[in-house]
Amino acid sequence: MLQAIGLSKKQLIKMLCYEGLMYSVFATLVTLVLGTGLGFLSVQVVVKTILLIYGVCLIITPIIISAICLKIQCRNSLVERIKMAD
């Protein structure tokens, strides 16, 4: 459209090169700023989530083991358990 009002081919190439360069610079800056910030935040969230899961596992595992042992012990009567203890 600009060529219809007198833009030469050389000017069109120059304009498109500068436009592409501006888009590239802007995209690079946005990526560096937002990408770095969001990357840092996502790592922090993952670390906190893993620590939370680890803590929950530390609490739940002994409870599960105790419940399993209690269930196994309750299969036998008290008299049988006393005999097995001897």
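The values are calculated or read from the model by the stated rules, or taken from the named source; none is laboratory data. Remember, predicted model here, so these are calculated numbers, not experimental data. As a convention, Cβ positions derive from the backbone with ideal geometry for all residues, glycine included, and neighbour counts pool all protein chains shown.
The set of residues in the range 65-86 that are surrounded by fewer than 10 Cβ atoms within 10 Å (Cβ to Cβ) and assigned to a helix (DSSP H, G or I) comprises LEU70, LYS71, ILE72, ARG75, LEU78, VAL79, MET84, ALA85.
Cβ-Cβ contacts under 7 Å between residues 6 or more apart (or on different chains), taken from a first residue in the range 61-86 that is of a type outside the set (A, V, I, L, M) to a second residue that is at pLDDT 75 or above, are listed as ARG81/GLN73. Among the residues of this structure, LYS48 does not count as one that is loosely packed, with under 10 Cβ neighbours inside 10 Å, part of a helix (DSSP H, G or I) and of a type in the set (D, E, K, R).
Restricting to the range 6-26, what's the tally of residues that are loosely packed, with under 10 Cβ neighbours inside 10 Å and part of a loop (DSSP other than H, G, I, E, B)? Working first, answer last.
So in the range 6-26, the residues loosely packed, with under 10 Cβ neighbours inside 10 Å come out as 6, 9-10.
Filter once more, so that each one left must be part of a loop (DSSP other than H, G, I, E, B): 6.
Final tally of qualifying residues: 1.
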